[in-house]
Amino acid sequence: MTLDAVLARIDDTLPEALERLMALLRIPSISTDPAYASDCARAADWLVADLQTLGFDASARPTPGHPMVVGHGGEGRHLLFYGHYDVQPVDPLALWDRDPFDPELQDGPKGRVIRARGASDDKGQLMTFLEACRAWTAVHGTLPCRLTIFLEGEEESGSPSMIPFLQANAAELTADVALICDTGLFDGTSPAIVTMLRGLLGEELTIRAASRDLHSGMYGGLAANPIRVVSQVLAGLHDDQGRVQVPGFYDGVTELPDAIRQQWQALSFDHARFLGDVGLSVPAGEVERTPLEMIWSRPTAEVNGIWGGYTGDGFKTVLPGEAHAKISFRLVGDQDPDAIRDTFRAWVEAQLPADVSVEWKGHGNSPASVMSIDNPAFEAARAALTDEWGRAAAYVGAGGSIPVAGYFKTWLGMDAMLIGFSRDDDQIHSPNEKYDLESFHKGIRSWARILARLQ
């Protein structure tokens, strides 16, 4: 079979594929630090050159920040693949066991691992797709279908150039479906396709009362205390069943489809171990919701920070003039982040007593993304993953947010399949980041199988 020849090629040339990844990992493409701007440009140029060897018409496209890499090749069904070549800063450097940009293949407790900054997030992941294309062209002399490669250099610094670039290049980038390799295996063993991503809304509030800090002996009990006010407001954010009390908060929240619920139940998620790993034991969210529902398909409101008054060593008996809090909302379904922001602010302001005011600072917002699995490409990819990993692939949710998937849906009108091969212990964004050699090898084979089914 033609696929068998491609898979054999992948197996035979794994050492060469690994060395190419190592070369990319040696480039310190830290996007958030201006000192590394030339290295980001160098990583983009490296990828352009590599894509050109595969037959892509590729170039680095300038943006106000770091370049976008875009390549086109092949004929037939049009697929877009997205990854990002930029990486997180390496601080604290002292906690690394070796130079973060001197990659090494090491023996780990569960097998061999590739150790370097960016090994898992996202250079190792994006190279799985390019290596699958390389094996395919080596065997067949051409790409399996019409492919657009789209590699970003600002994902780790908030993607400030993404939306303008999508708007300006929508016709060129729009495809039948997008493929994103920036996620992981479920529980480290089962392949998965992420079809639900929660949105995110951030709010910061400052409660003010007196014009200055007050002596608690002179004013305590008489003057409004901003810390008490903010504490009372935030304490009322949830009821005793764990439901958020902001009016209209659940507008647009839909129930999980039965087919997806059954797949999630089959995953046998061990919430006791999940919580036990961080010293907890009892789920604290909505009553009568399963743990996976709570972290993948239910909205949340969480206090991320609260401060005010004197917090230094010793004791200072003051009523502070102001108090502060940061609150984030994870959103699902069709929840409207702008409407929730307005309603939350009105809800808080309605509870303020006399002489107390509030000042707001928004920290961005993005809606949730829900992919339509009615597209036959999703089932084709799921079957391909099942074949490679020997375990049934599942449609899963993600508790975090990957904005680019939502951007593709909003600005290009296409769904995305988020398929990745990282593991929870890859230590992404942390010292000693790694990517399992098995994830790299089987990731390449997985994409070859998916391309064979989608061509």
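Every number in this text was worked out from the coordinates using simple rules, so none of it is lab data. Everything numeric in this text was worked out from a predicted model, so none of it was measured. Backbone-built Cβ (ideal geometry, glycine too); neighbour counts: all protein chains shown.
Straight-line reach from LYS326: taking Cα to Cα under 18 Å and skipping same-chain neighbours fewer than 8 places apart, the aspartates and glutamates in range are GLU203, GLU204, GLU302, ASP338, ASP342, GLU349, GLU359. Taken along the Cα-to-beta-carbon direction at a fixed 7 Å, the label points for THR343 and LEU234 span 2.2 nm. Take the Cβ-Cβ distance between ARG20 and ALA170 as r, set R0 to 41 Å, and report the resulting FRET efficiency rounded to the nearest 0.05. Taking R0 as 41 Å, the efficiency between ARG20 and ALA170 is 0.85.
Summing charges over neighbours of LEU147, with a neighbour being any other residue whose Cβ is under 15 Å away from its Cβ, gives -2 when K and R count +1 and D and E count -1. Relative to the present Cα-Cα distance, how much length would full extension add between ASP11 and VAL282 at 0.36 nm per residue of separation? The ASP11-VAL282 span can extend by a further 93.1 nm.
For ALA416, the residues whose modelled amide H falls within less than 5 Å of its own, excluding neighbours fewer than 5 places apart on the same chain, are ALA178.
Counting neighbouring beta carbons within 10 Å and listing from fewest to most, the residues GLU16, GLU379 come out as GLU16, GLU379.
Positive end of the dipole of the range 316-357 (Cβ unit charges, origin at the Cα centre): among GLY321, SER357, LEU331, the Cα lying farthest that way belongs to GLY321. Ranking TRP389, HIS72, PRO247 by how far each Cα lies toward the positive end of the dipole of the chain (charges on Cβ) leaves PRO247 at the top. No solvent, one uniform scatterer per C-alpha: report log10 I(q)/I(0) for the chain via the Debye equation at q = 0.05, 0.06, 0.09, 0.10 1/Å, two decimals. Results for the chain at q = 0.05, 0.06, 0.09, 0.10 Å⁻¹ read -0.21, -0.31, -0.66, -0.80.
The HN-Hα couplings worked out from phi for the range 50-66 by the Karplus form 6.51 cos²θ - 1.76 cosθ + 1.60 (θ = phi - 60°) are 5, 4, 5, 5, 8, x, 7, 7, 10, 7, 8, 9, x, 9, x, x, 8 Hz, whole numbers, x standing for Gly and Pro. A full extension of the chain between GLN427 and GLU359 corresponds to an added length of 20.8 nm, given 0.36 nm per residue minus the alpha carbon distance.
The listed peptides 203-216, 254-267, 20-33, ordered by packing as a protection proxy, come out as 20-33, 203-216, 254-267 (highest mean of other Cβ atoms within 10 Å first).
Taking all Cα pairs closer than 8 Å and separated by 6 or more residues, the relative contact order of the chain comes to 26 percent.
In this Cβ point-charge picture (+1 for Lys and Arg, -1 for Asp and Glu), the chain has a dipole of about 120 debye about its Cα centre.
Positive end of the dipole of the chain (Cβ unit charges, origin at the Cα centre): among LEU105, MET371, GLY406, the Cα lying farthest that way belongs to MET371.
Each of GLN245 and GLU104 was given a label point 7 Å from its Cα along the Cα-to-Cβ line. The distance between the two points is 5.5 nm. The chymotrypsin sites (Phe, Trp or Tyr not before Pro) of the range 283-317 meeting both criteria, a DSSP state outside H, G, I, E and B (loop) and at most 13 other C-beta atoms within 10 angstrom of the site's C-beta, are TYR310, PHE315.
Rounded to the nearest Hz, the phi-derived 3J(HN,Hα) couplings of the range 148-158 under the Karplus curve 6.51 cos²θ - 1.76 cosθ + 1.60 (θ = phi - 60°) are 10, 9, 9, 10, 9, x, 9, 4, 7, 10, x, where x marks glycine and proline. Summing +1 for each Lys or Arg and -1 for each Asp or Glu among the other residues whose beta-carbon sits under 10 angstrom from that of ASP336 gives -3. Inter-label distance, ASP213 to LEU95: 3.1 nm, where each label sits 7 Å from its Cα along the C-beta direction.
Under the shape rule built on the C-alpha gyration tensor, where the axes satisfy a ≥ b ≥ c, the range 262-369 is oblate, since a/c reaches at least 1.5 while a/b does not exceed b/c.
Rounded to whole numbers, the Karplus 3J(HN,Hα) couplings from phi for the range 443-455 are x, 4, 4, 4, 5, 4, 5, 5, 4, 4, 7, 9, 5 Hz, using 6.51 cos²θ - 1.76 cosθ + 1.60 with θ = phi - 60°, and x at Gly and Pro. For LEU275 and ASP57, FRET efficiency with R0 = 41 Å and r from the beta-carbon atoms, rounded to 0.05? The computed FRET efficiency comes out at 0.25. Most simply put, the chain has about 70% antiparallel DSSP beta bridges, counting only bridges with both residues inside it. Taking amide hydrogens as placed 1.01 Å from N in the peptide plane, the amide H of GLY199 sits under 5 Å from those of LEU331, VAL332, ALA368, SER369, each at least 5 positions away in sequence or on another chain. Amide H contacts under 5 Å for ARG77: ARG146, restricted to partners 5 or more places along the chain or on a different chain, H placed in the peptide plane at 1.01 Å from N. Note on the chain: helix-only mean residue ellipticity at 222 nm, from DSSP H runs of 4+ residues weighted -39500 (n - 2.57) and normalised by residue number, equals -10000 deg cm²/dmol.
For a Förster distance of 25 Å, can you work out the FRET efficiency between the beta-carbons of ARG391 and GLN265, rounded to the nearest 0.05? So the FRET efficiency works out to roughly 0.95.
Rounded if a/c is under 1.5, else prolate if a/b is larger than b/c, else oblate: which is the range 11-108, with a ≥ b ≥ c the root eigenvalues of its Cα gyration tensor?
oblate
Peptide packing for 8-15, 387-394 was compared via the average number of neighbouring C-beta atoms within 10 Å per residue; ordered from the highest value, the list is 387-394, 8-15.
For the range 159-252, what ratio Rg/Rh do Cα atoms give with a Kirkwood hydrodynamic radius?
Here Rg/Rh amounts to 1.20.
Within the shell of other residues whose beta carbon sits under 11 angstrom from the beta carbon of PHE165, the net charge comes to -2, with Lys and Arg scored +1 and Asp and Glu -1.
Each residue in VAL358, VAL229 was given a count of other beta-carbon atoms within 10 angstrom of its own, and listing them fewest first yields VAL358, VAL229. Please pull out the direction-averaged projected area of the range 299-455, using the convex hull of its alpha-carbon atoms, in nm² to one decimal place. Projected over every direction and averaged, the Cα hull of the range 299-455 covers 14.6 nm².
Put in line by how crowded their Cβ is, counting other Cβ atoms within 10 Å and starting with the fewest, LEU147, LEU454 read LEU454, LEU147.
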